[in-house]
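The values are calculated or read from the model by the stated rules, or taken from the named source; none is laboratory data. Because the structure is predicted, anything quoted here is derived from the model rather than measured. Virtual Cβ from ideal backbone geometry, glycine too; neighbours counted across all protein chains shown.
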Amino acid sequence: MSTVKRVRKNIFALSLGSLSKVLTVLLLIFCANMLKGENWGILAAALALTEIFSVVADLGLSSLTIREVARDRNQAGRYFANVAFLKIFLGLITFISIVIVSNLGNKTHLELMVIYILTFRIILYSLGKFLESLFQAFERMEYSAFVSTLERVTTFLLGYLALRLGMGLMGVAWAIFMGSAFYLLVTILIVIKKFVKPKLLIEPRFLKSLIKASLPFALTFIFIVIYFRVDMIMLREMKGAVVVGWYAASYQILQGLMIVPGITMAVLFPLLARYYKYSNKSLIITYEKSFKYMLYLALPIAVGITLLADKVILLLYPGLGGYENSIIALKILVWASALIFVNTVMANVMNSINEVKRTSFFMGINVIINVFLNLIFIPEWGLNLSYKGAAITTLICEGVGFYLFYSFLSKKLVSLGLTRLIAKPLFASSLMAIFIFLAPENFNLFMMVAISVFLYLSVLYLTRSFDDLDAKIWREALSRVWVGARG
């Protein structure tokens, strides 16, 4: 296969894999509506806890495998055997750690059972992600997209079936476990059949070198996972599962929105890197264009959802008790998501100029701030802001992250000129906001969204917000995705 064709297929596969995350968000929305009482909050907190400990189950080994096997594919069998052995050992440590931590609080028997089931799930899922990393090392992203999409489709179908049959919280937990188990099984079969004949030789010295080499990868992953999950754990311990449910309902919308920069960067960044990879000027153009596109996407989404938060929550969560609390959280969190859009770009640029350690340092600062502010904002002996405090903390941390990334890149690379970049989309978003504000209360939500999008894009067009290079970039990007889809 030619390099161009392989790139096209990989871009399409990455986009498909990111898009399939919608199914996970959709399942959790159904859970919020259909699980009774505080069970939705229990599930959300259990997922957050086990995902934090997924760091222990992986320890950066999947990322290390991608890098090393991509450099020398003849090492694939060696990595298969030794990393799989390490994964089993790390899985045992993960289970013991979660058992100890989960028994420290005042959790019910039901909560503990759900946590244990999801712990086994995260161990199997982590092993599957390692095997999936071999697909990426061989630059066969279509297999990666296939197994990840299959896992999400299976989990969604089993989870929804469990909800419809009235199997409750335990049924959903087992459905999530079975989806990951099936994912692992299929991934093993594809790896053995298509890529690697496993070597059963375990090398103690190599195992030691693997652990040492994987730690830098693990550090960034640790910060990211703790940053995005610790708020629900702290809410559960300080305010209970019901409050976690209110917060998690709005947070799922944030998770859904984060798919947008994932897909956009998967499509655009490889293309931009090919255009402009041979000079500092080219890197600057790559940075500026990517930042611009994310900003143009983020602002109208944040403005629109802020004004329509009540309609959005009622549409997605008609069965959720205390939905008005989720509305408040969503109005705050959507602005954190807007910052995540542009922060994603800057993190990619940081990594592209070999500033991975600095990125990890910035993430570490944000984790400390996150935990500290949650301790102040959430509990009764603090400001007693509960779920609102957790949402405000997330917004502040994203603001800090934006300041750190932007300040560093302004000195290291270029200052983009925020005033110039933000003026046109801010003007277009303001006109869109006026329309939404003046629209009748009973105006159809989908019609309002469609008109708002048309109005926003029209203003951008009339103000000449896009130049010839923008048009060329998007034509080729969409062409690549279309050609990749056709094979």
Within the stretch 347-355, does at least one residue satisfy the condition of being on the phi > 0 side of the Ramachandran plot and surrounded by fewer than 22 Cβ atoms within 10 Å (Cβ to Cβ)? yes
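Table: residues versus (1) under 28 Å from the mean Cα position of the chain (by Cα); (2) among the small types (Gly, Ala, Ser); (3) over 17 Å from Ile305 (Cα atoms).
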site	(1), (2), (3)
Ser430	no, yes, no
Asn442	no, no, no
Val453	yes, no, no
Tyr456	yes, no, no
Leu462	no, no, yes
Asp468	no, no, yes
Selection from the stretch 412-426 of residues within 13 Å of Glu288 (Cβ to Cβ) and touching a Lys or Arg at 6+ places or on another chain (Cβ under 9 Å) yields Leu416, Leu421
Result of the Cβ filter at 9 Å on the stretch 327-341, keeping first residues that are in the same structural domain as Val312 (by TED's automatic domain parsing) and more than 16 Å from Tyr296 (Cβ to Cβ) and partners that are outside any helix (DSSP H, G or I) and modelled with pLDDT of 95 or more, at least 6 apart or interchain, is none
Report task. For the stretch 241-262, indicate whether the set of residues that are surrounded by fewer than 20 Cβ atoms within 10 Å (Cβ to Cβ) and of a type in the set (Ser, Thr, Tyr) is non-empty. Result -> no
Quiz item: Would you call Ile328 over 18 Å from Met258 (Cβ atoms), touching a helix residue (DSSP H, G or I) at 6+ places or on another chain (Cβ under 9 Å) and among the hydrophobic types (A, V, I, L, M, F, W, C)?
Solution: yes
Subset of the stretch 362-392, residues modelled with pLDDT of 90 or more and at positive phi, comes to Ser386
By residue number, the members of the stretch 296-320 that are farther than 18 Å from Ile332 by Cα and in contact with a Leu (Cβ under 8 Å, 6 or more places away or on another chain) are Tyr296, Leu315
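Which helices (runs of 4 or more DSSP H) sit wholly inside the stretch 241-359 and have at least 2 residues that are β-branched (Val, Ile, Thr), modelled with pLDDT of 90 or more and under 28 Å from Ala439 (Cα atoms)? So that I can check it myself, show each step before the final result.
Working: elements: 241-257, 259-275, 280-316, 323-352.
Passing ranges, in order: 280-316, 323-352.
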From the option list Leu47, Leu86, Leu104, Leu61, single residue qualifying as outside the structural domain of Tyr323 (by TED's automatic domain parsing) and without any contact (Cβ under 8 Å) to a residue 40 or more places away in the chain is Leu104
Yes/no for Gly401 being among the small types (Gly, Ala, Ser), surrounded by 14 or more Cβ atoms within 10 Å (Cβ to Cβ) and either assigned by TED's automatic domain parsing to the domain that holds Ile368 or under 20 Å from Glu288 (Cα atoms) (or both): yes
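Restricting the search to the stretch 191-202, which residues are surrounded by fewer than 19 Cβ atoms within 10 Å (Cβ to Cβ) and modelled with pLDDT of 85 or more?
Correct list: Ile192, Lys193, Lys194.
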Next item on the list: Return yes or no: is Leu157 crowded, with 18+ Cβ neighbours inside 10 Å, of a type in the set (A, V, I, L, M), in the same structural domain as Ala76 (by TED's automatic domain parsing) and assigned to a helix (DSSP H, G or I)?
Entry: no
Those residues of the stretch 160-187 which are part of a helix (DSSP H, G or I) and more than 16 Å from Val114 (Cβ to Cβ) amount to Tyr160, Leu161, Arg164, Ala181, Phe182, Tyr183, Leu184, Leu185, Val186, Thr187
Expected output for the stretch 173-202 (first residue without any contact (Cβ under 8 Å) to a residue 24 or more places away in the chain, partner surrounded by fewer than 18 Cβ atoms within 10 Å (Cβ to Cβ), Cβ below 9 Å, 6+ apart or cross-chain) is Ala175/Leu157; Ala175/Leu161; Ala175/Met167; Ile192/Pro198
Counted residues in the stretch 53-86 being outside any helix (DSSP H, G or I) and surrounded by 18 or more Cβ atoms within 10 Å (Cβ to Cβ) come to 3
The residue from Thr155, Thr220 that alone is polar (S, T, N, Q), under 30 Å from Ala390 (Cβ atoms) and either touching a strand residue (DSSP E or B) at 6+ places or on another chain (Cβ under 7 Å) or at pLDDT below 95 (or both) is Thr220
